[in-house]
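The values are calculated or read from the model by the stated rules, or taken from the named source; none is laboratory data. Not measured: the values here are computed from a predicted model. Cβ coordinates were reconstructed from backbone atoms using ideal geometry, including for glycine residues, and neighbour counts include every protein chain displayed.
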Amino acid sequence: GAGVSQSPSNKVTEKGKDVELRCDPISGHTALYWYRQSLGQGLEFLIYFQGNSAPDKSGLPSDRFSAERTGGSVSTLTIQRTQQEDSAVYLCASSLGQGAIDEQFFGPGTRLTVL
Amino acid sequence: AQSVTQPDIHITVSEGASLELRCNYSYGATPYLFWYVQSPGQGLQLLLKYFSGDTLVQGIKGFEAEFKRSQSSFNLRKPSVHWSDAAEYFCAVGPNTGNQFYFGTGTSLTVIP
């Protein structure tokens with residue numbers, strides 16, 4: 001079956017521009033995570049969606065970052081006024097939504113480069 | 001604060017040799033522990049996880065890990081490494097409350113013939 005997909009796979013933008021990154025989770029998965037993986041760093045938690053509950057935004061690094069999840073499925077991570085330090089691989093993961101015991105299934109990521 | 005440390009940035013082993021990747025965690029309660037593998041161009045894949053019970057857990061691809069509470073460690077092992085095991089390995093701590101997972105910085109594994 002289809003896994004988690006992310007688009008675009010690569011994005012190059014200029015400093016100050018806005019970007020949108022898309023995540024399509026596995027069908028039926030109610031939980032969705034966004035992470036950021038910077039060079040030489042581990043994965044940094046950004047935001048968590050679970051069903052119709054209010055998202056956990058505690059990991060968002062600044063108010064330039066926001067995310068939505070429409071219809072409990074597709075999610076979009078938006079970065080406004082991008083900065084060079086935003087350059088990283090952005091990973092999306094989904095799970096069945098039964099808590100931390102669930103296996104997270106990761107997408108291949110979007111590599112963002114801010115010039 | 002919760003954290004995960006993977007002390008080895010890069011490890012090189014010969015094919016057929018044994019492997020141990022180190023992971024230490026800092027967590028205020030009984031942790032949920034995970035090992036993920038990231039092959040080039042691939043998403044992260046779960047190798048194994050620990051929540052409770054037997055402290056030695058078996059995973060996919062012949063990997064195992066042992067939870068040692070006294071050492072705050074969850075080291076990953078494999079008795080005989082294959083060339084296809086070359087990848088980046090991440091240890092993670094999951095919440096037993098809340099939603100935030102903490103990942104280590106990863107260990108890059110090179111396998112030489």
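Among the residues making up segment B:35-60, those that are touching a Lys or Arg at 6+ places or on another chain (Cβ under 9 Å) and modelled with pLDDT of 95 or more are B:TRP35, B:VAL37, B:LEU47, B:VAL57, B:GLY59.
Do we find a residue being outside any strand (DSSP E or B) and farther than 17 Å from A:ALA93 by Cβ anywhere in segment B:87-95? No, segment B:87-95 contains no residue that is outside any strand (DSSP E or B) and farther than 17 Å from A:ALA93 by Cβ. When A:ASP86 is tested against the conditions (1) buried (at least 18 other Cβ atoms within 10 Å of the Cβ); (2) acidic (Asp, Glu); (3) within 13 Å of B:ASN99 (Cβ to Cβ), the lone failure is (3).
What number of residues within segment A:76-115 satisfy the criterion of being within 14 Å of chain B (Cβ to nearest Cβ) and assigned to a loop (DSSP other than H, G, I, E, B)? Show your work before the answer.
Taking segment A:76-115 first, the residues within 14 Å of chain B (Cβ to nearest Cβ) are A:88-111.
Remaining after also requiring assigned to a loop (DSSP other than H, G, I, E, B): A:96-104, A:107-109.
Of the residues in that region, 12 qualify.
If you go through segment B:75-95 and pick out every residue that is aromatic (Phe, Trp, Tyr), more than 17 Å from B:GLU64 (Cβ to Cβ) and facing another protein chain (nearest Cβ under 10 Å), you end up with 0.
Out of A:GLY40, A:GLY3, A:GLY59, one residue alone is modelled with pLDDT under 95, under 13 Å from the mean Cα position of the chain (by Cα) and not in a strand (DSSP E or B). It is A:GLY59. Scanning for something closer than 30 Å to A:GLN6 by Cα, more than 13 Å from chain A (Cβ to nearest Cβ) and not in a loop (DSSP other than H, G, I, E, B), does segment B:16-27 turn up at least one residue? There is at least one residue in segment B:16-27 that is closer than 30 Å to A:GLN6 by Cα, more than 13 Å from chain A (Cβ to nearest Cβ) and not in a loop (DSSP other than H, G, I, E, B).
In segment A:74-115, which residue that is in contact with a helix residue (DSSP H, G or I) (Cβ under 7 Å, 6 or more places away or on another chain) and β-branched (Val, Ile, Thr) is nearest to A:ASN52 (Cα to Cα)? Ranking the qualifying residues of segment A:74-115, first place goes to A:ILE79.
Scanning segment B:71-84 for residues that are of a type outside the set (Val, Ile, Thr) and touching a Gly at 6+ places or on another chain (Cβ under 9 Å) yields B:LEU76, B:LYS78, B:PRO79, B:SER80, B:HIS82.
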